[in-house]
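The block underneath contains the structure these notes are about, expressed in structure tokens.
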Amino acid sequence: MLQLRIALIAAALFILDSGSADPATAKTVLVTGSSQGHGLAFINDYAERGWTVIATTRTPSTATQLQALAASFPDVTVEELDVTDFAEIDALADKYKNTPIDVLNLNGAINTFRVGRNTHGETDYAWLEQVLKTNIVGQLYVSEAFLEHVAASDQKTIAVMSAVGGSITNVRSATAPSYRTSKAGLNMLMRTYGEAVKDRGVIVAVIAPGTIDTENYMKVEDPSTLSDRNQRMVAANSYAPREAIGKMIDLIDSLTLDDISTFHKWDGTTLPW
Ligand SMILES: NC(=O)c1ccc[n+]([C@@H]2O[C@H](COP(=O)([O-])OP(=O)(O)OC[C@H]3O[C@@H](n4cnc5c(N)ncnc54)[C@H](OP(=O)(O)O)[C@@H]3O)[C@@H](O)[C@H]2O)c1
């Protein structure tokens, strides 16, 4: 018995020392759009939790923060992926065809709530098409390309990053019609996709992250050093805390097939569709 305990402790120390996850037990996540913002924070937190991480970005060569993270976590692999490039998606899905993916985290999108050519009366139709292609069409294509990888895993979850602004019920102004439309459309597409794949045991869950304080601006000692926008966000208490990323990971880990009909918010509450 004592020998068994010593062997187990030695194995645990080896895993900690090597900095690698135990391949027998580690779960695998693929996160899109992981060079910055929420995506980068997801990569950091999944890596710290010992997951095997496939971190995709459109341009690995300029993703310096992501590359630095990958250099310090041996189980983080950086891959190139643009969700509007179907050939690239197919090639990546093929490269990982024997890898079960526990969580497919559809994070990458054109996040244009406050910026971009996005106002009624001044609609830039080429831009609108690009937003819809990226935030809706590409998301389904990635989901379908990686369905077998997810279905072959233990956790079998596709976590779809939507937005509070995607709630039709909550519309109170004409702000950000392109972005809101893209997320409302994404919600419907993924809600129906969830019905289509639930018999495979695959959970497709729509989650709205807040505007998460990934740079910890709320903890800066002297807020006057921040940009005007960030000063306003901090003063108005508009940021969701950095911990929201971890809460979303916990939420994703807790999901079951019963949750596919719910529009989830990062903090575990529910939004109206
Ligand atoms: N921050 C917010 O206020 C907020 C609120 C609600 C919902 N969200 C949602 O949360 C997610 C992340 O937001 P964020 O704040 O981290 O936004 P962000 O800082 O603008 O980052 C979004 C990332 O999406 C990726 N992306 C853009 N076009 C892409 C494409 N064609 N293919 C693949 N990836 C693409 C880019 O990653 P790469 O450069 O690495 O390719 C980009 O860095 C988005 O889905 C967003 O809509 C954000």
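The values are calculated or read from the model by the stated rules, or taken from the named source; none is laboratory data. Remember, it's a predicted structure, so these values are computed and weren't measured experimentally. Note: ideal-geometry Cβ built from the backbone for every residue, glycine included; neighbour counts use all protein chains shown. With ligands, DNA and RNA removed, areas are computed over all heavy atoms of the protein, side chains included. Shrake-Rupley method; radii C 1.70, N 1.55, O 1.52, S 1.80 Å.
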Next item on the list: Taking the residues in region 135-163 that are open to solvent by 60 Å² or more (accessible area, probe 1.4 Å) and among the hydrophobic types (A, V, I, L, M, F, W, C) as candidates, determine which candidate is farthest from Asp258 (Cα to Cα).
Entry: Val137
Check: Under the condition of being β-branched (Val, Ile, Thr) and touching a strand residue (DSSP E or B) at 6+ places or on another chain (Cβ under 6 Å), which residue from region 137-174 is nearest to Asp267 (Cα to Cα)?
Finding: Val164
Checklist line | Selection status of Glu221, modelled with pLDDT under 95 and surrounded by 15 or more Cβ atoms within 10 Å (Cβ to Cβ) | finding: no
Check: So Ser238 clears everything in (1) within 13 Å of the ligand (Cβ to nearest atom); (2) at pLDDT 90 or above; (3) open to solvent by 50 Å² or more (accessible area, probe 1.4 Å); (4) not basic (Lys, Arg) except one condition, right? Which one?
Finding: (2)
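If we scan region 116-128, do we find a residue that is of a type in the set (S, T, N, Q), more than 9 Å from the ligand (Cβ to nearest atom) and either open to solvent by 40 Å² or more (accessible area, probe 1.4 Å) or closer than 18 Å to Leu40 by Cα (or both)? First the steps, then the outcome.
The first filter runs over region 116-128 and keeps only residues of a type in the set (S, T, N, Q), leaving 118-119, 123.
In the following step, the residues that additionally are more than 9 Å from the ligand (Cβ to nearest atom) were identified as 118-119, 123.
Restricting the remaining residues to those that are either open to solvent by 40 Å² or more (accessible area, probe 1.4 Å) or closer than 18 Å to Leu40 by Cα (or both) gives 119, 123.
Yes, there is a match, as at least one residue in region 116-128 is of a type in the set (S, T, N, Q), more than 9 Å from the ligand (Cβ to nearest atom) and either open to solvent by 40 Å² or more (accessible area, probe 1.4 Å) or closer than 18 Å to Leu40 by Cα (or both).
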Check: Given the conditions (1) of a type in the set (S, T, N, Q); (2) surrounded by 19 or more Cβ atoms within 10 Å (Cβ to Cβ); (3) within 20 Å of Leu104 (Cα to Cα); (4) in contact with a Gly (Cβ under 9 Å, 6 or more places away or on another chain), and given that Ser254 satisfies all but one, which numbered condition is not satisfied?
Finding: (2)
Check: Is it the case that some residue within region 208-225 is in contact with a Leu (Cβ under 9 Å, 6 or more places away or on another chain) and part of a strand (DSSP E or B)?
Finding: yes
